[in-house]
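Asker: Before I ask anything, let me first share the structure, which is written out below as C-alpha cells.
Computed from the coordinates by the stated procedures, all read-outs in this text should not be read as laboratory data. This one's a predicted model, so the numbers in the text were calculated from it and none came from an experiment. Glycine gets a Cβ as well: all are built from the backbone with ideal geometry, and neighbour counts include every protein chain shown.
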Amino acid sequence: MSLENSQFNVSAKSFDAEVNVPSSKSYANRAIILAALSKDAITIENLPLSHDVTNLLNVLREVGLRIVEVENGIIIENSFPECERPSSEKIKIYPGDGGTTTRFLIPFLAMGKNSYQIEPEGRMRERPVADLLEVLAELGASINQCDTWLTIRGPLSFQTNKLKADASKTTQHATALALCLAFQNIEVQPVDMKYSKSYWDMTMSLIQDFKKGQKKFYVPVDFSSMSYVLALGADRGKVLVKNCVDIDTFQSDSIFVEVLKNMGYSVTLSDKGLEVKSSEKEITPINLDCSNCPDLVPTLAFTCSRIDGESKLSNLSVLKYKESDRLLEVQKLLDLYSIENTYNEKEDVLHIKGSKKRIDKAKEIYPPDDHRIVMVSYLFLRAHGGGVLNSIHSVSKSFGNFFEVVEENE
Ligand SMILES: O=C(O)C1=C[C@@H](OP(=O)(O)O)[C@@H](O)[C@H](O)C1
Ligand SMILES: C=C(OP(=O)(O)O)C(=O)O
C-alpha cells in the first residue's frame, strides 16, 4: 500500500484481531551502529518496517559498510572508519527525520576522516542537538552550521576516558556518544537525565552484549508500536499480539501493559501472545508519571479520554522536543472531540476528564508529519464516528504496515 500523499478513510468499527507488530527501531538502530563499529561480522535479525532503520542502513552503505541481506535479517561484515573511502569532496548524508538515526550518525561520522554534510528532514532540523555538537567539538571534531544543516569532520581525539553528556532534553546524545565510543572504552555519563531513562539502560545493556562477544542479535517486538493496537483492543473489542510473549523492561513503553491491567482491562500474557480485551467492569482513571515513557503519552491520552473520570499524566514538558509538539497536538485532538482537558504548566500535568460517550459525527483530521500523532488520530477517528485521516505516510517512520494491521488486512 503506497502511503505517499494519501488519505485514509477510517470507519468506526469494532476490533477483534490477531496481529503481529513491528520490532523495536530503538533496539535496531543501536545494534546497527555497534555492528558497524565492531571489527567482527555481526548478524541482526528481525529488523522492523521502519524508515528510521532503512535510512540508517542506507547511510552506512553510502559510507562504505558492506551490509548483506540474509534470511530474516542482515550481516554487517566490515567496520567504520576502516571502510571509509578517502574523499576530498564533502559527502552528503540523508538521515531522514529520525532522532536516533540523525543523532547516532553525528558522532559515528566524526569517527572518520572525511567531511560529511548531514541533511536531516522535517522537524529534526530544529530538535535539540547543540549539546552533542559541543562535546564533539571538545573532542576535536570540526563542525560548521550550513544552509542544509551542518557539516562535520573528524577524527576525534581523546584525553580522558570519561565524558559527560547533557541529558536534560534528550537521552539520545548520551546514547549516541556511548555507542560510538564503546570500543574506545570511554565511559559516558548522562547529566541531568529527567526523562527516558530506560532508553539509556537499553544502550548500556546492548553495549555490554557486544563487549561480551555476542555476534547475533534479534530485535525484540516494539512496545511503542504495540500500544496503538492494545489501546484499540481495550476500547473496541479485543486483540491478540502474537509476537509478544514477554515484557521487555528496557522498553519504557512496555509499562502500558501494566497500566491497562491496573485500569481494569483484561490482559493476559501467554506463549500464544499478549491479549487485551475490553471489560464490562468499571475502568479506573490513572495518575501516571510519564517521564520514562514520553512516546506513550499520545496513546495514554486516548485511553484516558475513553473512560469516565479524571486522569492525570505528568512530566510531559519533553514532548515539545519530539517530531511535533506532542502535548499541543494531543490537546488539539482532545478538544476536537470535546474531551475536557487542562494542562498545568507549573506542575507539568495534563488533566483529562474522559467520557465513554461516542461522538458519531465523521471528522477529517490533518495531523502534523509525526507518526505517533497520525496513529493516535486514527484511534480517535475509529473510536468516534470515523472520518478521513491525512498525513498517513508518517507511520512509515516506525510502523510501516500500521494500516494493514489495524484494518486486519495483514
Ligand atoms: O533512544 C531512543 O531510542 C529513544 C529515546 C527517547 O527519546 P529522548 O531520549 O529524546 O526522550 C524516545 O522518545 C525515542 O523515541 C527513542
Ligand atoms: C521520538 C521518537 O523518535 P526519534 O526521537 O528517534 O525521532 C519517536 O519514535 O516517537
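Asker: If you place +1 on the Cβ of every Lys and Arg and -1 on the Cβ of every Asp and Glu, how big does the dipole about the Cα centre of region 1-90 come out, in debye to the nearest 20?
Answerer: It works out to roughly 240 debye.
Asker: I'd like the GluC sites (Glu not before Pro) in region 239-328 restricted to DSSP loop residues with at most 10 other Cβ atoms within 10 Å, sorted by number.
Answerer: Of the GluC sites (Glu not before Pro), the ones in loops of region 239-328 whose Cβ has at most 10 other Cβ atoms within 10 Å are Glu280, Glu282.
Asker: Here is a further query. For Leu319, what is the net charge nearby, where nearby means another residue's Cβ is under 11 Å from its Cβ and Lys, Arg count +1, Asp, Glu -1?
Answerer: So the surrounding residues net to -2.
Asker: Cα gyration tensor of region 225-361, axes a ≥ b ≥ c as square roots of the eigenvalues: rounded (a/c below 1.5), prolate (a/b > b/c) or oblate?
Answerer: Note, shape of region 225-361 comes out oblate.
Asker: What distance in nm lies between label points placed 7 Å from Cα along the C-beta direction at Lys92 and Glu347?
Answerer: 5.1
Asker: May I pose another question? When the helix-only estimate is applied to the chain (DSSP H runs of n ≥ 4, each -39,500 (n - 2.57), divided by the residue count), what is the mean residue ellipticity at 222 nm, nearest 500 deg cm²/dmol?
Answerer: Per the formula, -9500 deg cm²/dmol.
Asker: For labels at Lys332 and Glu71 in the simple 7 Å Cα→Cβ model, what's the distance in nm?
Answerer: 4.7
Asker: Sticking with this structure for a sec: Pulled fully out, how much extra length does the chain show between Lys13 and Asp209, if you take 0.36 nm times their separation in residues and subtract their Cα-Cα distance?
Answerer: The span from Lys13 to Asp209 would gain 66.1 nm if fully extended.
Asker: Place +1 on the Cβ of every Lys and Arg and -1 on the Cβ of every Asp and Glu in region 25-218, take the dipole about the Cα centre, and give the residue among Val59, Gly112, Val135 whose Cα lies farthest towards its positive end.
Answerer: Most positive-ward Cα: Val135.
Asker: How high is the relative contact order of region 337-410? Use alpha-carbon pairs under 8 Å, at least six apart in sequence, and give a whole percent.
Answerer: RCO, region 337-410: 25 percent.
Asker: Moving on to the next point. Could you let me know the centre-to-centre spacing of region 111-132 and region 1-73, using Cα atoms, in angstrom?
Answerer: Spelled out, the Cα-based centre of one part sits 21 Å from the other.
Asker: To make sure I understand, if each residue's beta carbon is the centre and we count other beta carbons within 10 Å, what order do His371, His384, His351 fall in, fewest to most?
Answerer: Ordered from fewest to most neighbouring Cβ atoms within 10 Å, His371, His384, His351 come out as His351, His384, His371.
Asker: Then there's this: Counting other C-beta atoms within 10 Å, and keeping those with at most 12, which DSSP coil trypsin sites (Lys or Arg not before Pro) do you find in region 1-84?
Answerer: Answer by residue number: Lys13, Lys39.
Asker: Decide, for region 25-218, between rounded, prolate and oblate: order the square roots of the alpha carbon gyration tensor eigenvalues as a ≥ b ≥ c, take rounded if a/c falls under 1.5, and otherwise choose prolate if a/b is larger than b/c, else oblate.
Answerer: Rounded shape, in that the Cα axes give a/c under 1.5.
Asker: I'd like the trypsin sites (Lys or Arg not before Pro) in region 312-380 restricted to DSSP loop residues with at most 16 other Cβ atoms within 10 Å, sorted by number.
Answerer: When the trypsin sites (Lys or Arg not before Pro) of region 312-380 are filtered for loop state and at most 16 Cβ neighbours within 10 Å, Lys346, Lys356, Lys357, Arg358, Lys361 remain.
Asker: At a 10 Å Cβ-Cβ cut-off, how would you order Thr160, Thr151, Thr100, Thr43, fewest neighbours first?
Answerer: Ordered by Cβ neighbours within 10 Å, fewest first: Thr160, Thr43, Thr151, Thr100.
Asker: Using label points projected 7 Å from each Cα along Cα→Cβ, tell me how many nm separate Glu282 and Ser157, to one decimal.
Answerer: Output for this residue pair reads 7.0 nm.
Asker: Hey, another quick one. Between rounded, prolate and oblate, where does the chain land on the alpha carbon gyration tensor, with a ≥ b ≥ c its root eigenvalues, rounded for a/c under 1.5, else prolate if a/b exceeds b/c?
Answerer: It is prolate, given that a/c is not under 1.5 and a/b is the larger ratio.
Asker: So if we plug the beta-carbon distance of Arg61 and Glu121 into 1/(1 + (r/R0)^6) with R0 = 25 Å, what FRET efficiency do we get, rounded to 0.05?
Answerer: 0.85
Asker: Relative contact order, percent, of the chain when contacts are C-alpha pairs under 8 Å separated by at least 6 residues?
Answerer: 19
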